[in-house]
Each structure stands twice: as structure tokens, then as C-alpha cells.
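Values in this text are rule-based calculations from the coordinates and carry no lab data. Predicted, not measured: the structure shown is a model, and the values here were computed from it. We place every Cβ from the backbone using ideal geometry, glycine too, and count neighbours over all the protein chains shown.
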Amino acid sequence: MLFFSDPARTPRPELTLARLPRGSGFVFRAFGAADALVVGRQLARLARRRGVVFFVGAEADLAVALRADGIHLPERLAHRKGVVGRLSSRFFVTGAAHGLAAARRARLSGVDAIVVSPVFQSASPSAGRPIGPLRFAALVRAAGCPVYALGGVNRVSVRRLMRSGAVGVASVSALSD
């Protein structure tokens, strides 16, 4: 399970991180915020204490400074072998994909896992049209590496993913259920 923070939609990320189960992942997305280093240090410490894998979204320098476990790359970077290659020796690398072609490109670049979004209807301002559980399941089968679902995934929709054949690959993008 992965949780993606958002400064606008997750104003108190430490509260969410404290609720995540051991072994899950937390993706800290600072989007260039001035206080990213301070907030990130607090979150990284909490993640280590809780046994949560700590990722930084897109910002390699911040991930290095915070001694993150991983980095999540947006789709525009996830398919670039040079970028992934430089990062993969230090981090677990996930890459975003919004369809099958992007997922294949990300896999070929060497990412460790792919995060596909949006799978279901999402309140995220960046979410496009959802692909749904059946297309997601087909993408999982074709991807050739671990795949996580993002966008509208909750306790109810995860059951739809499990019935679709995409068993064990869902992430909860919001814990407000």
C-alpha cells in the first residue's frame, strides 16, 4: 500500500503517516515548498519509527537530503532510462503511468514498480478520466513488474480491484473512508 501526500489535500501528513500499517509506503510530495526539508525530516523520522517505507515525489535532491528509501517519478520522467538508472542504485524507484503505453515505457526504463492512475474517480485536481478495474487488471497483467493503483482507491473500490484479477496490487490513496 502506498499513500501519496499533497500539501493542499493533506495539510497534516504526519497524522496520515501515523495511521499507515508497518511495511506500507508514504510518498512525500512537497511540490517545491519552501519548508519541504523541515517537514520532510519530521515525516522521514516518523516513517522510520513506524516501519513505513519513505518515498519522495520527483525531487531527487530532497530524497537524498532526507535519506529516503525511494523516489516516485512522474510519468514525464519515469520512462527515461538515464534518470531511473542514476536513481535506482540508491532508491527504490516507482514511476507514474496513466495508461498501458506509459507503463511499458516505465518498466523498460527499469523502475521497480509502476503507479497507475487514476483507476477510479478521484477528487484530485490532476486526475483524468478513470481507467476502471478491468483495464487496470489488464495493465497489471501486461506490465511485467509490480503495479499500484492510485485514484479513488478505498475500502470499497479495492474489492472491485480484487474481483477484477488485480489482486494484491492496490494502494489506498485516501484514508478518509
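Work out how much length residue 100 to residue 15 would gain on full extension: take 0.36 nm times their residue separation and subtract the Cα-Cα distance, in nm to one decimal. Please report the intermediate quantities before stating the final value.
On the way: separation 85, 0.36 × 85 = 30.60 nm, distance 3.39 nm.
Stretched out fully, the residue 100 to residue 15 stretch lengthens by 27.2 nm.
Take every Cα pair under 8 Å whose residues are at least 6 apart in sequence, average their separation, divide by the length of the chain, and the relative contact order is 16 percent.
A value for percent of Cα pairs over 27 Å apart was derived from the coordinates, and within the list (i) 20; (ii) 55; (iii) 35 it appears as (i). Helical content of the chain, expressed as a calculated mean residue ellipticity at 222 nm, amounts to -11000 deg cm²/dmol (DSSP H runs of 4 or more residues, -39,500 (n - 2.57) each, divided by residue number, nearest 500). Legend: helices of the chain (whole DSSP H runs) are marked when their alpha-carbon atoms reach 18 angstrom or more along the helix axis and their mean Kyte-Doolittle hydropathy is at least -1.0; marked are 36-50. With the simple model of a label 7 Å out from the Cα in the direction of the Cβ, residue 76 to residue 33 spans 2.1 nm. Rounded to whole numbers, the Karplus 3J(HN,Hα) couplings from phi for the range 145-150 are 7, x, 10, 10, 8, 9 Hz, using 6.51 cos²θ - 1.76 cosθ + 1.60 with θ = phi - 60°, and x at Gly and Pro. Over all other residues within a Cβ to Cβ distance under 13 Å of residue 6, the charged ones net out to +3, with Lys and Arg as +1 and Asp and Glu as -1. The eigenvalues of the Cα gyration tensor, multiplied by 5 and square-rooted, give the range 90-177 an equivalent ellipsoid with semi-axes of 20, 14, 12 Å from largest to smallest.
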